[in-house]
Amino acid sequence: MTQQKLFYRKVFYIAMIAVLVFPLYMLGNPARRDGAGGLLAQRRDELNLSEANLGEIDPAGSAMKLATFGMRGVAVSLLWNRSLEYEKRSDWDAVVATANQITMLEPHFITIWDFVGWKLAYNASAQFDDYRERYRWVIRGFEFVQEGTTYNQESPKLYVRAGWTISQKIGIADEKKQYRRLFREDEELEKNQREREARYVNIPKLPSAKDNWLFGCAFYKAAETWFEKRGEGIGNETRLLFYGRAPLNRIRYAEWMEIDGCGLNKENAPVFDEENCANAWLQAQKDWEDYSNRVVDTTIEDKTNPGTYRRTSLNLQKEKRAEMDRLEEEIIAALPANLGETAQEKREAIVWERWHTILNDEQRAAMYNSVLYPYDENDYNLGRVGFGARAVRKYLDAEVARAKEAEEKGEKVELWTGPIDEYWKLSDEEKKGTSPWINWQSDLFELRMSFVDEDLRELARTPRLLVPQEDTKRYGGAFARLDEWQGRASSLLAVTPDVLASYLEGNAQAEAMDKIAQIEELRKEESFSRMFRDIMGADFHEREVVFEQTPEARGARKYRQEARDRFN
Amino acid sequence: MIIENPIPPYLEWIGMAALNWLISVGALAALFSLIALVFLTIRKGPKQAVPAFVGGVRGALEDLFKFSWRRAFAIASLAIRESIRKKVVVVCVVFLALLMFAGWFLDPSGKDPARLCASFVYQSTTYLVLLLAIFLSALSLPADFKTKTIYTIVTKPVRSSEIVLGRIIGLATVGTAILALMAVCSYFFVSNTLNHKHVLVDGEDVKAVEGVAEDWSTLAPETVVASGETRLANGHKHKVEVFADGTARVVEENKHAHTIERIVEDDKTLYKVGSAVGALQAKTPVYGKIKFRGENGFEKERGINVGEEWEYRSYVAGSTEEAVIWTFDNITPERFPEGLPVEMTISAFRTHMGNIEKTVMGALYVRNPKTGLTAETNVFNSEKYATKALFVEREIDQEKNKVRVRTLKKTGDESTFDPVLTTADLKQTGEKYDLFEDFVVDGKLEIWLQCLDSQQYFGAAEPDLYLRAQDANVFANFFKGYLGLWQQMVILISFGVLFSAFLSGPVAMAATFGILIAGFSKNFFVEIARLEALGGGPIESFNRLVTHENMMSDLSNTFATQLIKAFDAVSGVFLSVIGLALPSFSDYNFYADCVANGYDVPWNAVAVHMTTTASFAIPLFVVGYAILRNREVAK
Amino acid sequence: MESVSDVVVETKNLTKTYRDFWGRQKVRALKALDLQVKRGEIFGLLGPNGSGKTTTIKLLLGLLFPTSGEVNILGRPASDVAKNERLGYLPEESYLYRFLNAEETLDFYGRLFNIPAAVRKQRVAQLIQMVGLESAKKRQLREYSKGMTRRIGLAQALINDPDLILLDEPTSGLDPIGTRNMKNLILQLKEQGKTVIMSSHLLGDVQDVCDRVGVLYQGELKELGRVEDLLKIVEQTEIRVDGLSDEAKRKIEKIVEEDKANLIFCGNPTTSLEDLFHDIIAESEAHPGKRVRGGEKA
């Protein structure tokens, strides 16, 4: 090999290297703030694989990961076991330190952030005696989870946990008053949060009102944003629950505003402001409405379309109900005019007709001859339904009375001897006493007595009523018949669409049947949505809020009532 | 501090321990002699066996007792030089780098930053030094064998015992030097991390107390004329008090305080808050013996269990006669001239929320063990998980301190814990009492602790309440903390040299590493060997891991399972023997714990541990020597 | 009759068999060797590679344990470390610590002999002088050439002024000058009354130096005896004469004929290449410059 040949060879190699560098750059250029980077970086981005996407890159963490020589999982397991030991000994500082080490090794392990944050806020805090310490530990748990969100910016679960901790633990715990006060006065938390906000642009911000509910709201919103971006991340949690948290927080914010004011003034005393309260309620109502209108996936499979899930919203129930009612009105409108002019008249007429068809002559006669309503056959247009209902009631009463006559008195008394004797067990003084229990027993006694036949009542007022055995069987069937009648009554009084349709003929009936089919479909949706609405609404509608109230806050109360009414 | 296994006084301990050691060593020696005899009989025939054995023993004794220190030290200095050439200094550099990283994730804003910081440095030093020890000791002898430099040694009149001992000493010296260097670096790191300053601005942060006179000179010097709070630093603030004499004081927070200077210039007052003081401590606790008083006044070993998984502490109920009692000895006016500084870390357990704003209340009493005279000296609000300091004054003045005294009264039944103490019995008698004259008998004193809130509980273990004698030197204590690590290192080096005497380098390293791991989890190891651990012995556990069975359920009774269990039982015997011979490395964490928690390392503990270390090192050395002696150097 | 104290090394029935891991015999390195080495002689152990020379040396030193038989050195068994007091060993390769320099090495081994410091210092200096490593005494052994390594090895073998010195292939791998120096040294040691045992496969060197020789082949001693006795060719006579005229040469030839003996050779003998080499080197050192051949010496 001559010198010259060697030289040319070298030049060739260098040229080849230069040529190959270019495609390498295209492929491997890492993603930066201002650029998407090369092909590989872009693919990483799409598939959510790269570190720069998932959160911060942490040098200390990287160093530790390297130091484990690839046995990261083993190290984390050992550390986890160790933290359980520390927890057993209530050495919470060590638990935190160990958790820090674990998260440094595995920052993308969502469960650890979630679980330890919860553990600190709930378990660790509960073990301390001084409420200020407890508060500190709740905040520690919260900040721990929040740190998790900086490493896993896309994880809705962590945002939910952070929001949950700061809302529920501070706002609903036994020490809620103390915690809320401490939260408002917490300078350190505010300072830390502002620093974070300055560093990371897109994180939930501490509201200037420094209210924990609002703060939690911000987290819930962040969770929703990321959930929608990613399309997944909250596991199998019902979407309705997931989206419901933020509006509920708003409601609670408004409620609490009435209790401890809208903020703190210079002397750290609460300030009550009617306008602010009103605005809070308005915003809460608006949020709730938006939420009610939101159509989301549930976790219940759609059987007609396998692989997908049924979708619903809270307001869907109203919509469907309205639709169902409209269709029913149409059917009624199609009824023949001889039943009446208005829809109401038509309904009543139908009820009357049904009674007519069901009752036999004797029964009908009895109805006609009922004591309450002297009946004029030509006048049966008047108040049919009302008459019908009253007649039913009276008729039932008469039936019952007849049943009693038909059966032997002893059976009834047998039925009630036991309970009645409860009353007789009381001593004379006790019977004269006025404790609520005594009163209740007396009332119960009277009620039971009302079921007993007139002539037996006297007997029943003496203890240990002795009735011949054959008599006892008499009244047994009466109540069965009573139940039956009551059941039939309600079904008779209910005028369902198919009953209405039976009054139509031909084309009209066919149309009505169509509408009935539609109504059935709508009913399914309606009941499905109603189920959720009942669950969610129960929290809002039926919960009794019992708080101390200041005079200033009462003014805002009317807004709450208005909002409530509107929700209903 | 939490001490689960208290270390008995040296003189009490040494007798039994020495006996145990002699028995085990004797048993091992007898076993080996038997094996050796059998071996020799096979090899040389019965006639030759005994004289050969005797000759061997004589040679061994000569080697062990007549060896030359000069030669051993020559080998030691060679080992030192060899290690230095191996660039052992790199380890130090790694450590320093680690210290720099540590600053990023050590959070000094916790409640007890000193503890976190100190435990971190001890932990990281431990990892590095022990790994270094393994590395050096396991590769030293095999290197000689590989390069055959051992030939030149063995052909000099050097005994195997000198070789082994020289190596151990040399490597231990290197390790000690590294350890010392790391200790110094750690000390500076810890001081640095704990150091911080606060800002204090007059007028904004410090304001005059309402109603105080303008002219301070008219007031008594200790009157607090102004108070306030410093600014936030390291996650906390301190309250500040200014006194009438112009001095100021920073109140302790997060286990430390600061120096403070108050300078008045023209019209302005400047406050200079200095560096942290008292963050690292070296308290010297004086412990007593604990017992409990049950509901009926009976004496018990332990109190009530409130359902905690960790049974270190037991509890007494509040607002009852139940009490926790500590008996102290050797209480003299010379030791505690002004009274008893009591510190306690008791746990409070609530059965109902009670008053959220207040913590559970308790009371402390001193009681004369002989006559039963009792005085309620302190009523306090408990601080769970924190150390509360109380002072029992020497002069028990009922007027000043509002204490109540229970007068002497004997109740009838001698079998109950006599005399019965109820709070109803306490009254103010108006007399003055002296602690040492009226309450201490022959140096003995009882201190009682009771919970005052009904349906709440106080929990304590023996080390939870102690008297704080004169603090020890913090600087010296920090280095004493490394004694534990030093002893671990010595044992590990002995093991390393022993293994390397007959195994190749990497295998010896793995074996020594195994000893390290097993030593740190000795209890667990012994549990598994004795099949006492949940989930059975080693093979059974492995089976459960692979088949995803949990620890609690029984395995199905197939032939394979029975085989596994039998195998585990047999191997368990061998493992038990190994387990008994394992040093318990985690015991040595005591030193680091002491320093991290701010306590002085007691010399008694040092003596006990050193003796234990020697009791390991010596047999290891002997076995190592024996192995080397009987090894064919050339292949 | 030699007295017992004159026997420095004695082996009786010395056997060494290398076994493999399972205990089966692999190689019978030495078979029932009976050997005696007397005080003050230079004993050579000869044999091809694999004959058991090195094994014998190691057995003598106690680096290996015999499978059967006995070996006694200076009156003690080989396994007794105390025998090493009066023993020196020069291995074939350098088994010294490469990170020490020459002085430190000798000092270290001196300490192993419990030689007090002052004596040690003096002896170290002396030995370094003797082996000619004065200029390199502060350099680490890893930087030494082969010859230098051999020399420092020799120095450490002599640090304790031993009575018995074992040399394993002392001259192998050395250049002619080194070889000559080594051989001179060995002879010097003999003059000091020391016993030397050397093993070698370089026949010429053994012939030059040893008094007695043992030949090993496949673990068995094939021949043992004094060199001159062994090498003497009894039947022939060699006469070396300086300044013989041609006429006298013819007369001698005639005498041989009359004696009915066989004249094998009569002419100029050859010097050895070794001697020629040494002469050239010596001359070059004395008179630097291109060598002048034949007749023109200064």
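The values are calculated or read from the model by the stated rules, or taken from the named source; none is laboratory data. Because the structure is a prediction, the values reported are computed rather than measured. Counting neighbours? That spans all protein chains shown, and the Cβs are built from the backbone with ideal geometry, glycine included.
Considering every residue within the range C:167-178, establish whether at least one is over 24 Å from B:VAL158 (Cβ atoms), of a type in the set (Val, Ile, Thr) and surrounded by fewer than 21 Cβ atoms within 10 Å (Cβ to Cβ).
yes
Is it the case that B:SER571 is surrounded by fewer than 17 Cβ atoms within 10 Å (Cβ to Cβ), of a type in the set (Ser, Thr, Tyr) and in contact (Cβ under 8 Å) with a residue 12 or more places away in the chain? Working first, answer last.
Details: surrounded by fewer than 17 Cβ atoms within 10 Å (Cβ to Cβ): yes; of a type in the set (Ser, Thr, Tyr): yes; in contact (Cβ under 8 Å) with a residue 12 or more places away in the chain: yes.
Taking the combined requirement at face value, the residue satisfies it.
Those residues that are surrounded by 10 or more Cβ atoms within 10 Å (Cβ to Cβ), among the small types (Gly, Ala, Ser) and without any contact (Cβ under 8 Å) to a residue 24 or more places away in the chain, I need them from the range C:217-249; list them, please.
C:GLY225, C:ALA248
Only one of (1) modelled with pLDDT of 90 or more; (2) closer than 23 Å to B:ASP471 by Cβ; (3) crowded, with 19+ Cβ neighbours inside 10 Å fails for B:GLY598. Which number is that?
(1)
Got at least one residue in the range A:174-187 being in contact with a helix residue (DSSP H, G or I) (Cβ under 9 Å, 6 or more places away or on another chain) and closer than 21 Å to A:TRP288 by Cα?
Scanning the range A:174-187, I find no residue that is in contact with a helix residue (DSSP H, G or I) (Cβ under 9 Å, 6 or more places away or on another chain) and closer than 21 Å to A:TRP288 by Cα, so the answer is no.
Hey, does the range B:534-543 have a residue that's farther than 30 Å from B:THR387 by Cα, out of contact with any Ser or Thr (no Cβ under 6 Å at 6 or more places or on another chain), without any contact (Cβ under 8 Å) to a residue 24 or more places away in the chain and of a type in the set (S, T, N, Q)?
Yes: the range B:534-543 contains one or more residues that are farther than 30 Å from B:THR387 by Cα, out of contact with any Ser or Thr (no Cβ under 6 Å at 6 or more places or on another chain), without any contact (Cβ under 8 Å) to a residue 24 or more places away in the chain and of a type in the set (S, T, N, Q).
Being in a helix (DSSP H, G or I), out of contact with any Gly (no Cβ under 7 Å at 6 or more places or on another chain) and of a type in the set (Ser, Thr, Tyr) is the filter here; which residues of the range B:590-615 pass it?
Of everything in the range B:590-615, those that are in a helix (DSSP H, G or I), out of contact with any Gly (no Cβ under 7 Å at 6 or more places or on another chain) and of a type in the set (Ser, Thr, Tyr) turn out to be B:THR611, B:THR612, B:THR613, B:SER615.
Name the residues in the range B:135-154 that are surrounded by fewer than 24 Cβ atoms within 10 Å (Cβ to Cβ) and either outside any helix (DSSP H, G or I) or more than 14 Å from every other protein chain (Cβ to nearest Cβ) (or both), would you?
Residues satisfying the conditions are B:PHE135, B:LEU139, B:PRO142, B:LYS148.
Any idea which residue in the range B:236-256 is nearest to the chain's Cα centre (by Cα), counting only those that are surrounded by fewer than 17 Cβ atoms within 10 Å (Cβ to Cβ) and part of a loop (DSSP other than H, G, I, E, B)?
B:GLU252
Do we find a residue being aliphatic (A, V, I, L, M), more than 28 Å from B:GLY598 (Cα to Cα) and out of contact with any Phe, Trp or Tyr (no Cβ under 8 Å at 6 or more places or on another chain) anywhere in the range B:300-315?
No: zero hits.
Taking the range C:101-130, which residues are of a type in the set (A, V, I, L, M) and buried (at least 20 other Cβ atoms within 10 Å of the Cβ)?
To start, the set of residues in the range C:101-130 that are of a type in the set (A, V, I, L, M) comprises C:102, C:106, C:112, C:115, C:117-119, C:124-125, C:127-128, C:130.
Passing the criteria: C:ALA102, C:LEU106, C:LEU112, C:ILE115, C:VAL124, C:LEU127, C:ILE128.
Could you list, in sequence order, all residues of the range B:537-567 that are surrounded by 13 or more Cβ atoms within 10 Å (Cβ to Cβ) and farther than 23 Å from B:PRO583 by Cα?
B:ILE539, B:GLU540, B:SER541, B:PHE542, B:ASN543, B:ARG544, B:GLU549, B:LEU555, B:THR561, B:ILE564, B:LYS565, B:PHE567 - these are the residues of the range B:537-567 that are surrounded by 13 or more Cβ atoms within 10 Å (Cβ to Cβ) and farther than 23 Å from B:PRO583 by Cα.
If you check every pair at least six apart or on different chains, which have Cβ atoms under 7 Å apart with a residue in the range A:215-230 that is free of Cβ contacts under 8 Å to residues at least 40 places away in the same chain first and a residue that is assigned to a helix (DSSP H, G or I) and buried (at least 20 other Cβ atoms within 10 Å of the Cβ) second?
A:LYS221/A:ALA246
List the number of the failed condition for B:ASN630; all other conditions in (1) at pLDDT 90 or above; (2) within 14 Å of another protein chain (Cβ to nearest Cβ) hold.
It fails just one condition, (1).
Can you find, within the range B:345-381, the residue that is nearest to the other protein chains (Cβ to nearest Cβ) among those that are among the aromatic types (Phe, Trp, Tyr) and in contact with a Gly (Cβ under 7 Å, 6 or more places away or on another chain)?
Here is the first cut: in the range B:345-381, the residues among the aromatic types (Phe, Trp, Tyr) are B:349, B:365, B:380.
From what is left, the residues that are in contact with a Gly (Cβ under 7 Å, 6 or more places away or on another chain) are B:349, B:380.
On the way: B:PHE349: 9, B:PHE380: 12 Å.
The qualifying residue nearest to the other protein chains (Cβ to nearest Cβ) is B:PHE349.
When only residues in the range C:87-97 that are modelled with pLDDT under 90 and more than 8 Å from every other protein chain (Cβ to nearest Cβ) count, which is surrounded by the fewest Cβ atoms within 10 Å (Cβ to Cβ)?
Among residues in the range C:87-97 that are modelled with pLDDT under 90 and more than 8 Å from every other protein chain (Cβ to nearest Cβ), the one surrounded by the fewest Cβ atoms within 10 Å (Cβ to Cβ) is C:GLU92.
Could you check, for the range C:49-69, whether at least one of its residues is surrounded by 15 or more Cβ atoms within 10 Å (Cβ to Cβ), within 14 Å of another protein chain (Cβ to nearest Cβ), in contact (Cβ under 8 Å) with a residue 40 or more places away in the chain and over 30 Å from C:GLY225 (Cα atoms)?
No, the range C:49-69 contains no residue that is surrounded by 15 or more Cβ atoms within 10 Å (Cβ to Cβ), within 14 Å of another protein chain (Cβ to nearest Cβ), in contact (Cβ under 8 Å) with a residue 40 or more places away in the chain and over 30 Å from C:GLY225 (Cα atoms).
What number goes with the only condition from (1) closer than 16 Å to B:LEU445 by Cα; (2) free of Cβ contacts under 8 Å to residues at least 60 places away in the same chain; (3) surrounded by 14 or more Cβ atoms within 10 Å (Cβ to Cβ) that B:PRO337 does not pass?
B:PRO337 satisfies every listed condition except (3).
Among the residues of the range B:39-75, what is the count of those that are within 30 Å of C:LEU100 (Cα to Cα) and more than 11 Å from chain C (Cβ to nearest Cβ)?
Residues that pass the stated criteria total 1.
Just to check your reading of the model, which residue among A:GLU154, A:GLU143 is at pLDDT 90 or above and within 30 Å of the chain's Cα centre (by Cα)?
A:GLU143
Any residue in the range B:1-17 that is away from chain A (no Cβ under 14 Å) sitting within a Cβ distance under 9 Å of a residue that is in a helix (DSSP H, G or I) and surrounded by fewer than 14 Cβ atoms within 10 Å (Cβ to Cβ)? List the pairs, counting only those 6 or more apart or interchain.
As it stands, the answer is B:TYR10/B:TRP603, since those pairs meet every condition given.
With respect to B:TYR122, is the statement that it is surrounded by fewer than 20 Cβ atoms within 10 Å (Cβ to Cβ) and of a type outside the set (Val, Ile, Thr) true?
no
Could you check the range B:573-619 and list, in sequence order, the residues that are β-branched (Val, Ile, Thr), within 19 Å of B:PHE525 (Cβ to Cβ) and more than 19 Å from the chain's Cα centre (by Cα)?
Residues satisfying the conditions are B:VAL573, B:VAL577, B:ILE578.
On the basis of being farther than 29 Å from B:ILE331 by Cβ and among the aliphatic types (A, V, I, L, M), does B:LEU483 make the cut?
Details: farther than 29 Å from B:ILE331 by Cβ: yes; among the aliphatic types (A, V, I, L, M): yes.
Here the answer is yes, as B:LEU483 does meet what is asked.
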